[in-house]
Amino acid sequence: MLDFDLADMYAVETRALKQAVKRNTKRFPSDFMFKLNAKEIETMVSQNVIPSKSYLGGALPFVFTEQGVAMLSSVLNSETAVQVNIQIIRVFTRMRELLSSNKDILLKLTQIEKKLLKHDHLHKKNEMELQAVFEALKQLLNPESEKRNRVGYRLANEKD
């Protein structure tokens with residue numbers, strides 16, 4: 001995202017945003033933020049991303065990646081930036097909790113699967129059914145499994 005869009009989103013002046021970034025350069029490595037060059041600005045104008053070079057006020061804009069947007073919320077001092085930063089921390093904490101609980105469940109599931117499948121007296125059909133159940137459970141618990149289609153009604157303007 002461009003610096004002036006983020007300044008608007010975080011309810012600060014673009015000048016204040018750039019100053020905050022310059023005061024905290026160690027928090028913004030090249031994979032978090034970079035400056036556009038003149039050729040990239042020309043491309044933005046020619047593709048109607050911005051109306052003209054004068055729209056930028058003469059300065060080369062900063063561009064922020066997803067990580068840079070999150071980091072920016074920690075260096076800005078507007079009410080919006082503070083609230084965004086609090087939400088980011090809450091989301092990451094909740095994600096860690098969910099991943100940890102799913103990891104424990106997956107480990108237990110694997111142990112049960114090994115125990116059941118090594119018994120010789122299981123009929124081949126039962127064994128195949130158990131394997132299918134375990135595979136389905138693993139896919140549900142694995143956060144990296146394929147994205148599932150959402151169930152329910154969709155609004156006309158809503159994408160998959």
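Side notes on the structure shown:
- Output for segment 28-56, where each listed residue is at pLDDT 90 or above, buried (at least 16 other Cβ atoms within 10 Å of the Cβ) and assigned to a loop (DSSP other than H, G, I, E, B): 28, 32
- Scanning segment 1-18 for residues that are of a type in the set (A, V, I, L, M) and in contact with a helix residue (DSSP H, G or I) (Cβ under 8 Å, 6 or more places away or on another chain) yields 1, 6, 7, 9, 11, 12, 16, 17.
- Among (1) modelled with pLDDT under 90; (2) more than 22 Å from the chain's Cα centre (by Cα); (3) not in a loop (DSSP other than H, G, I, E, B), the one test that residue 22 misses: (1)
- Where a residue in segment 77-93 is within 19 Å of residue 24 (Cα to Cα) and its partner, wherever it lies, is of a type in the set (Phe, Trp, Tyr) and surrounded by fewer than 12 Cβ atoms within 10 Å (Cβ to Cβ), with Cβ under 8 Å and at least six apart: none
- Odd one out for residue 60 among (1) more than 15 Å from the chain's Cα centre (by Cα); (2) assigned to a helix (DSSP H, G or I): (2)
- Looking only at segment 1-27, and only at residues there that are touching a strand residue (DSSP E or B) at 6+ places or on another chain (Cβ under 8 Å) and more than 15 Å from residue 80 (Cα to Cα), the one that is surrounded by the most Cβ atoms within 10 Å (Cβ to Cβ): 3
The values are calculated or read from the model by the stated rules, or taken from the named source; none is laboratory data. None of these values were measured; they are calculated from a predicted model. Every residue, glycine as well, gets a Cβ built from its backbone with ideal geometry; the counts of neighbours run over all protein chains shown.
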